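Step one of this worksheet: look at the structure below.
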Amino acid sequence: MKKTNLLAVLALALAATPAFLHAQTTNYSDVVGYMQISIPAGRASLVSFPLGSAPITSGIFSGKSGNVLSTSASLAALPSALANSSNEPAYYAEVTSGPNSGLILEITAKTTGSITVGDASSLTGNESFQIKKFTTLGDVLGAGNSAGLLGGDSVTNADVVWAVANGAWKQYFFYDDGFGGEIDPLQWQTPGSIGDKSDTRIDPDQGVLIVRKAGSNRTVTVTGTVKTTATISPLLNGAQIITNPYPTDKTLGTLNLRTGNSSTGLVEGDSVNNSDVIYKLDNGAWKQYFVYNDGFGGEIDPVQWQTPGSGVDQSGVAVSAGEALLLIRRGSAFNWSPEKPNL
């Protein structure tokens with residue numbers, strides 16, 4: 001993402017609010033619950049939704065040919081129409097065994113006994129899996145804006161939801177010109193479009209930036225299943241909104257982002273100019289965090305999480321359940337595996 005785009009996004013955001021989870025177990029193996037997310041007035045929030053849809057089906061792959069994975073599990077509940085309105089895969093298979101446990105595979109096609117995924121090159125073809133539907137904008141904020149965000153006829157006078165995919169930022173808002181009806185339906189849109197975007201994906205390892213312009217606080221209640229499996233989250237070069245996919249509080253130091261190796265963790269350096277940078281909304285202001293490493297270490301210059309110019313260890317900074325972070329990645333892509341809690 002271009003620097004100018006990042007600065008424009010940061011200029012819009014004013015504050016962040018944590019989310020709180022209340023979970024309960026059912027008679028099934030899945031853990032279900034709800035999360036209440038506060039969206040404060042006149043501010044912005046970096047939020048995520050670590051509650052997903054229940055598995056449609058699960059089973060074991062019985063072989064693979066290229067990107068086609070065979071299975072004897074029933075796929076009857078998986079729809080034939082697999083794409084959303086933006087022609088993106090709307091369903092995914094999550095690997096639940098072996099060294100690739102936690103890997104998410106977009107499903108692009110199906111037959112009675114197989115699915116075709118985006119990239120199966122790392123699989124052996126005998127892993128266990130579960131199939132789920134991607135969480136959508138409509139799932140978390142309501143297809144009809146049950147969240148009660150400010151609608152309008154443009155992003156200028158409406159609350160805006162920012163999402164980023166593959167380094168590209170997109171804006172979404174609830175279109176409401178005061179008339180409605182078939183000609184001007186009330187719906188989630190992108191600027192300049194007229195199609196309903198309520199089925200826009202929010203991937204399990206992604207968050208959004210909600211810029212709230214109206215003068216009243218809102219609380220959104222999101223329900224779903226709690227993730228209890230491992231996670232593999234690709235962190236790409238450039239900018240993306242990342243999140244701990246589990247409904248548990250963390251700190252910067254317990255996110256498993258610092259490994260000392262830029263191929264498996266964050267790029268470390270002696271300033272934000274040569275390091276990967278985490279942007280966090282804190283009491284109305286953006287703060288930068290990076291792993292300080294000047295190449296010497298020791299008691300005088302310890303390798304640690306810092307803010308620019310502080311020299312103070314920041315590893316204990318809280319990252320609340322449901323709080324997202326903005327990562328600027330300078331290095332090449334790597335797979336991040338957040339620590340799985342004992343849920």
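The values are calculated or read from the model by the stated rules, or taken from the named source; none is laboratory data. Just so you know, these numbers come straight off a predicted model, no measurement behind them. Glycine gets a Cβ as well: all are built from the backbone with ideal geometry, and neighbour counts include every protein chain shown. The accessibility values were calculated without ligands, DNA or RNA, using every heavy atom of the protein model including side chains. Shrake-Rupley method; radii C 1.70, N 1.55, O 1.52, S 1.80 Å.
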Completion exercise
Those residues of the stretch 143-174 which are of a type in the set (Phe, Trp, Tyr) and either modelled with pLDDT of 95 or more or over 21 Å from Ser45 (Cβ atoms) (or both) amount to Trp162, Tyr172, Phe173, Phe174
Practice task
Might you check whether a residue that is open to solvent by less than 50 Å² (accessible area, probe 1.4 Å), of a type outside the set (Asp, Glu), out of contact with any Pro (no Cβ under 8 Å at 6 or more places or on another chain) and under 14 Å from Trp188 (Cβ atoms) occurs anywhere in the stretch 115-136?
Solution key: yes
Practice task
Take the residues in the stretch 193-219 that are of a type in the set (A, V, I, L, M, F, W, C) and modelled with pLDDT under 90, then tell me which one is nearest to Leu51 (Cα to Cα).
Solution key: Ala214
Practice task
Determine, yes or no, whether Thr259 is exposed (fewer than 15 other Cβ atoms within 10 Å of the Cβ), farther than 17 Å from Lys280 by Cβ and of a type outside the set (Gly, Ala, Ser).
Solution key: yes
Problem - Hey, Lys287 under 23 Å from Leu209 (Cα atoms) and not hydrophobic (A, V, I, L, M, F, W, C) or not - result: yes
Practice task
Considering each of Val208, Val272, Val267 in turn, give the residue that is open to solvent by 10 Å² or more (accessible area, probe 1.4 Å) and in contact (Cβ under 8 Å) with a residue 40 or more places away in the chain.
Solution key: Val267
Problem - All positions within the stretch 275-318 that are in contact (Cβ under 8 Å) with a residue 24 or more places away in the chain and of a type in the set (Ser, Thr, Tyr) - result: Ser275, Tyr279, Tyr289, Tyr292, Ser315
Exercise for the section: Select from the stretch 211-240 the residues that are within 20 Å of Ser38 (Cβ to Cβ) and either of a type in the set (Asp, Glu) or open to solvent by 40 Å² or more (accessible area, probe 1.4 Å) (or both) and list them in ascending order. Expected result: Lys213, Gly215, Ser216, Asn217, Arg218, Thr219, Thr221, Thr223
Fill in the blank from the handout: The lone condition Ala321 fails out of (1) touching a Pro at 6+ places or on another chain (Cβ under 9 Å); (2) loosely packed, with under 14 Cβ neighbours inside 10 Å is (2)
Exercise for the section: Looking at (1) open to solvent by less than 20 Å² (accessible area, probe 1.4 Å); (2) in contact with a Pro (Cβ under 6 Å, 6 or more places away or on another chain), find the lone condition where Thr243 falls short. Expected result: (2)
Handout entry: Filter result for the condition that a residue is more than 21 Å from the chain's Cα centre (by Cα), among the polar types (S, T, N, Q) and surrounded by fewer than 18 Cβ atoms within 10 Å (Cβ to Cβ), over Ser337, Ser310, Ser332
Key = Ser310
Handout entry: Members of the stretch 275-299 that are closer than 18 Å to Leu326 by Cβ, open to solvent by 10 Å² or more (accessible area, probe 1.4 Å) and small (Gly, Ala, Ser)
Key = Gly284, Ala285
